[in-house]
Amino acid sequence: MNWDIAKGNWKQFKGQVQAQWGKLTDDHFDVIAGKREELVGKIQESYGIGKEEAEKQVKDFEAQTKH
């Protein structure tokens, strides 16, 4: 998955992210705005998990997402 493409098409792409991480709010999505590191941070914050686990979840998501 290419994060440059995700950033450029964030409005369409965020639906896939929201389906994966339902606790993320619209405010979170405004901050994330297609940035991978912001996504990892908001997942950590929202789910109370460590950075390594959040990174693993995002990597798994990237592998599943054909974008």
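The values are calculated or read from the model by the stated rules, or taken from the named source; none is laboratory data. Quantities reported herein were computed from a predicted structural model and do not represent experimental measurements. Please note: Cβ atoms are built from the backbone with ideal geometry, for glycine as well, and neighbour counts cover all protein chains shown. Note: areas computed on protein heavy atoms with side chains; ligands, DNA, RNA excluded. Shrake-Rupley method; radii C 1.70, N 1.55, O 1.52, S 1.80 Å.
List of remarks:
- A Cβ distance below 9 Å, combined with a sequence gap of six or more or placement on separate chains, defines the contacts here; from the range 1-26, residues that are farther than 19 Å from residue 44 by Cβ and hydrophobic (A, V, I, L, M, F, W, C) reach residues that are part of a helix (DSSP H, G or I) and open to solvent by 90 Å² or more (accessible area, probe 1.4 Å) in the pairs 1/64; 13/7.
- Some residue of the range 16-25 being more than 9 Å from the chain's Cα centre (by Cα) and of a type in the set (Val, Ile, Thr): yes
- A Cβ distance below 9 Å, combined with a sequence gap of six or more or placement on separate chains, defines the contacts here; from the range 44-61, residues that are within 22 Å of residue 2 (Cβ to Cβ) reach residues that are open to solvent by less than 30 Å² (accessible area, probe 1.4 Å) and outside any helix (DSSP H, G or I) in the pairs 57/21; 61/21.
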